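I have a structure I would like to understand better, so I am pasting it below and will then ask my questions one at a time.
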Amino acid sequence: MSQVTLHSPQASPLFRRLKRGLKGTLSVFCTLLGLAALTFFIGRLLPIDPVVAVIGDNASQEAYDQMYRQLGLDQPLWLQFVDYLWQLVHLDFGTALTTSQPVATDIARVFPATLELATVAAIIGVGLGVPAGVLSAMYRNTWFDHLIRFIGLLSYSTPHFWLGLMGLLLFYATLGWIGGPGRIDFSYEFDLQPVTGFWLIDSALSGNMAVFKNVFSHIILPASILGLSSLAYISRMVRSFMIEQLSQEYIITARVKGLSRARCVWNHAFRNIAVPTLTVIALSWAWLLEGAVLTETVFAWPGFGRYLTNALLAGDMNAVVGCTLLTGAIFVALNLLCDLLYRIFDPRTRQEAT
């Protein structure tokens, strides 16, 4: 009787949910631990002397030895790694050599600029990419389909830094339609009171439309260039999802019964691709955060990507490791979010789980 109670239908689904939750937690923990180990040992293997990066190459041997011990480099490698993990648990990434500030403080300062840029780019990519992908599947192998695929191929093959330079030359230097490098003109900088870190929102909340227009004129070109790659990826994936759905029997049956093509596509087929499309959008947004490095460098955008580039050029491994860990954590978090969205919006996954 006791065995029957342990394996009763009421207890089994709960046990499977707990088991699945523990497996997911262990998987996330192992992923973050592996990422931390990878960044730590890569930082130790690079031909960059952290002591020289701190005190310079003209310091005396005594000063060099003192800083060597102060940084803990005289300890065994495994003990250095344990100390490194202990610092990460407390969100302590060390001090940035380029700014003499804690890396966590620097990231908190520059990350909102990148987040705003990537979000505007994602809005552009989603707003144009999803309809383009659906219409490309509806009119498959027509001139419109070929045009969308050509634009996608062109955006993948053209370097973003070249597009940025050409865009600045044409729209800023020649036509004067947009603002130049940076987030805002110097003449408007003191009129903006940062509140959220998103200057479009802050300038709109201030009610000063001149500041808002200036901020918008600076962000529109780099966001459009980033959004172009997002548009290409999203439209290609949505097209693939939609072509598969349009060949299903339920769509053919609906068409035979007299439903219009538009209703079959948007009311039926698009609902079935909504969940994988959300996954594509979330991952595309994460790639925009990472891919903003070159764009921010070209446009002198004071964000996460430019901070990482300056840290790499200066050999500031504390900042590089902190930025790398943050990027990896964002991808892990978005993958968990995508998995959660699948379970919320797709009943089939909940049935399989139980």
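The values are calculated or read from the model by the stated rules, or taken from the named source; none is laboratory data. Treat the numbers as computed from the prediction; the structure is a model and nothing was measured. In this analysis, Cβ positions are derived from the backbone assuming ideal geometry, glycine residues included, and neighbour counts consider all displayed protein chains. Note: accessible area is taken over every heavy atom of the protein model, side chains too, but ligands, DNA and RNA are not part of it. Shrake-Rupley method; radii C 1.70, N 1.55, O 1.52, S 1.80 Å.
Residue-wise test of (1) among the polar types (S, T, N, Q); (2) outside any helix (DSSP H, G or I); (3) touching a residue at least 40 places away in the same chain (Cβ under 8 Å); (4) surrounded by 14 or more Cβ atoms within 10 Å (Cβ to Cβ).
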| residue | (1), (2), (3), (4) |
| --- | --- |
| Ala108 | no, no, no, no |
| Phe111 | no, no, yes, yes |
| Leu115 | no, no, yes, yes |
| Thr119 | yes, no, yes, yes |
| Ile123 | no, no, yes, yes |
| Gly129 | no, no, yes, yes |
| Ser136 | yes, no, yes, yes |
| Ile148 | no, no, yes, yes |
| Gly152 | no, no, yes, yes |
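Matching residues to (1) touching a helix residue (DSSP H, G or I) at 6+ places or on another chain (Cβ under 7 Å); (2) at pLDDT 80 or above; (3) exposed (fewer than 12 other Cβ atoms within 10 Å of the Cβ); (4) assigned to a helix (DSSP H, G or I):
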| site | (1), (2), (3), (4) |
| --- | --- |
| Pro9 | no, no, yes, no |
| Ser12 | no, no, no, yes |
| Lys19 | no, no, yes, yes |
| Leu32 | yes, no, no, yes |
| Asn58 | no, no, yes, no |
| Gln66 | no, no, no, yes |
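For segment 173-184, give me each residue that is closer than 14 Å to Ala300 by Cα, of a type outside the set (A, V, I, L, M) and either outside any loop (DSSP other than H, G, I, E, B) or open to solvent by less than 60 Å² (accessible area, probe 1.4 Å) (or both).
Gly179, Gly180, Gly182, Arg183
Report the residue count in segment 298-326 for those that are crowded, with 17+ Cβ neighbours inside 10 Å, in a helix (DSSP H, G or I) and either out of contact with any Pro (no Cβ under 7 Å at 6 or more places or on another chain) or not aliphatic (A, V, I, L, M) (or both).
Residues meeting the conditions: 16.
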